[in-house]
Amino acid sequence: MLPEAALESAHLIGRLDRLVRSGVAVEGLNPAQWEALRYLARANRFSRTPAALADYLGSTRGTVSQTLIALEQKGFVVRSQSRQDRRSVDLALTRAGAMVLKRDPLIGLAGDIATATGGDAAPLLATLQAILAAAIARNDGRAFGICHTCRHFRRNVQPGAAAPHHCALLDEPLSEADSADICVEQEAA
């Protein structure tokens, strides 16, 4: 039997999700399109592919394909052939895609969180990260963690360089910005 507070917390999280999603049509974007834009804004260059996006969203590649077609038609996303693997496609936000994210409905929720926590959301963040990790493990999903927390991340391999860090898994240089993005290959250190 689940504790009543745990079940009520799950209901509240579900309701918060619905409330945030209820305002998404204002920008002409559905919830899946918002999620795709958010992901592309936070993902590193190795993780901006349709397959990685589908894994992150826990969605099918067909559904993600339709989402990307709509975002391309709206001018928010562009596809290009991957420089790493010519059979693959890389995705990128356009300037318009980055601009629409400045009006993301999640910003309002983030403000509510800051207010409710008195500006110290770190304990809530840690709790939510632990809950997310458990849900991902239960569903056999992928973590998509922050690059610099990965066991393959090597800090300051080339100090002073534009890309001072290194990914030992992909054998690729990493900039400071890369190290703060989420990655499909991330494995906790």
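Observations on the structure shown:
- Neighbourhood charge, 11 Å Cβ-Cβ cut-off, centred on residue 104 and excluding it, Lys, Arg +1 and Asp, Glu -1: +1
- Over the range 126-189, the Kirkwood radius and the radius of gyration, each from Cα atoms, give a ratio Rg/Rh of 1.06.
- Rounded to whole numbers, the Karplus 3J(HN,Hα) couplings from phi for the range 45-57 are 5, 7, 10, 8, 10, x, 5, 5, 4, 4, 4, 4, 7 Hz, using 6.51 cos²θ - 1.76 cosθ + 1.60 with θ = phi - 60°, and x at Gly and Pro.
- Restricting the calculation to Cα atoms, the range 1-128 yields a radius of gyration followed by a Dmax of 16.9, 52 Å.
- Under-5 Å amide H pairs with residue 172, H placed in peptide plane, nonlocal only: 167
- Highest to lowest packing among 32-39, 124-131, 68-75, scored as the average C-beta count within 10 Å: 32-39, 68-75, 124-131
- Under the Karplus curve 6.51 cos²θ - 1.76 cosθ + 1.60, θ = phi - 60°, whole-Hz ³J(HN,Hα) for the range 93-110, x wherever Gly or Pro sits: 6, 8, 4, 5, x, 5, 5, 5, 5, 5, 10, 4, x, 5, 4, x, 5, 4
- Label-point gap, in nm, between residue 80 and residue 139 - each point 7 angstrom along Cα→Cβ: 3.2 nm
- Given charges at beta-carbon only (K, R positive; D, E negative), |dipole| of the chain in Debye: 540 debye
- Relative to the current alpha-carbon distance between residue 13 and residue 115, full extension at 0.36 nm per residue lengthens the span by 35.0 nm.
- Near the amide H of residue 43, within less than 5 Å, lie the amide hydrogens of 182, all on another chain or at least 5 residues away, with H placed in the peptide plane.
- Rounded to whole Hz, the Karplus (6.51, -1.76, 1.60) HN-Hα couplings of the range 116-123, x for glycine and proline: 5, 9, x, x, 10, 8, 4, x
- Based on DSSP H segments of at least four residues, each scored -39500 (n - 2.57), the chain has a per-residue ellipticity at 222 nm of -14500 deg cm²/dmol.
- Each peptide in 9-16, 59-66, 89-96 gets a packing score, the mean of other Cβ atoms within 10 Å over its residues, and the list from highest to lowest is 89-96, 59-66, 9-16.
- Per-peptide average of other Cβ atoms within 10 Å, ordering 132-141, 147-156, 46-55, 174-183 highest first: 46-55, 174-183, 147-156, 132-141
- Neighbours of residue 165 by Cβ distance under 9 Å: Lys/Arg scored +1, Asp/Glu scored -1, total 0.
FYI, it's all coordinate maths here, none of it is from the lab. Keep in mind that what you see is a predicted model, and the values were worked out from it rather than measured. All Cβ positions, glycine included, derive from the backbone under ideal geometry; neighbour counts span all protein chains shown.
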